[in-house]
Amino acid sequence: MLQKFYERAFVFLKLVEQEYASLCQSCAEWESLHLRFLLYYLIRFRIKSDKEFCLYHFQTAYRLYLDKFLLEGTTLN
């Protein structure tokens, strides 16, 4: 199930990597960050099926999460 959600968000996640390139150094760091946030998101919003997963909501939540770190001036690695 996790793989399905990750694949649905894949293009968006690659765009995020380009836009926020200064936050992480390697592909492994990005993959780790993407998966950690995806897990948090699925648990936090109790998503159990494809019907409950709204890609737009996930994208918005992820951007807010990254912007919070940017405003604090921290790195994500």
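The values are calculated or read from the model by the stated rules, or taken from the named source; none is laboratory data. This is a predicted model, so every value here is computed, not measured. Here the Cβ is made from the backbone with ideal geometry for all residues, glycine too, and neighbour counts use every protein chain on show.
Within segment 44-60, is there a residue that is part of a loop (DSSP other than H, G, I, E, B) and modelled with pLDDT under 85? No, there is no match, as no residue in segment 44-60 is part of a loop (DSSP other than H, G, I, E, B) and modelled with pLDDT under 85. On the given criteria, is Leu23 part of a helix (DSSP H, G or I) and either surrounded by 15 or more Cβ atoms within 10 Å (Cβ to Cβ) or in contact with a strand residue (DSSP E or B) (Cβ under 6 Å, 6 or more places away or on another chain) (or both)? It is false that Leu23 is part of a helix (DSSP H, G or I) and either surrounded by 15 or more Cβ atoms within 10 Å (Cβ to Cβ) or in contact with a strand residue (DSSP E or B) (Cβ under 6 Å, 6 or more places away or on another chain) (or both). Scanning segment 1-59 for residues that are more than 17 Å from Phe69 (Cα to Cα) and of a type in the set (S, T, N, Q) yields Gln3, Ser26, Ser49. Could you list, in sequence order, all residues of segment 28-41 that are under 11 Å from the mean Cα position of the chain (by Cα) and in contact (Cβ under 8 Å) with a residue 40 or more places away in the chain? The answer is Leu33, and nothing else.
Results for (1) at positive phi; (2) surrounded by 14 or more Cβ atoms within 10 Å (Cβ to Cβ); (3) out of contact with any His (no Cβ under 8 Å at 6 or more places or on another chain), shown as yes or no for each residue.
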residue	(1), (2), (3)
Leu13	no, yes, no
Glu19	no, no, yes
Phe37	no, yes, yes
Leu42	no, yes, yes
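Close Cβ contacts (under 9 Å, 6 or more residues apart or on different chains) running from residues in segment 1-21 that are modelled with pLDDT under 95 to residues that are surrounded by fewer than 11 Cβ atoms within 10 Å (Cβ to Cβ) and polar (S, T, N, Q) comprise Met1/Ser49. Inspect all residues belonging to segment 46-63 and state whether any of them is surrounded by 14 or more Cβ atoms within 10 Å (Cβ to Cβ) and more than 14 Å from the chain's Cα centre (by Cα). Yes: one or more hits.
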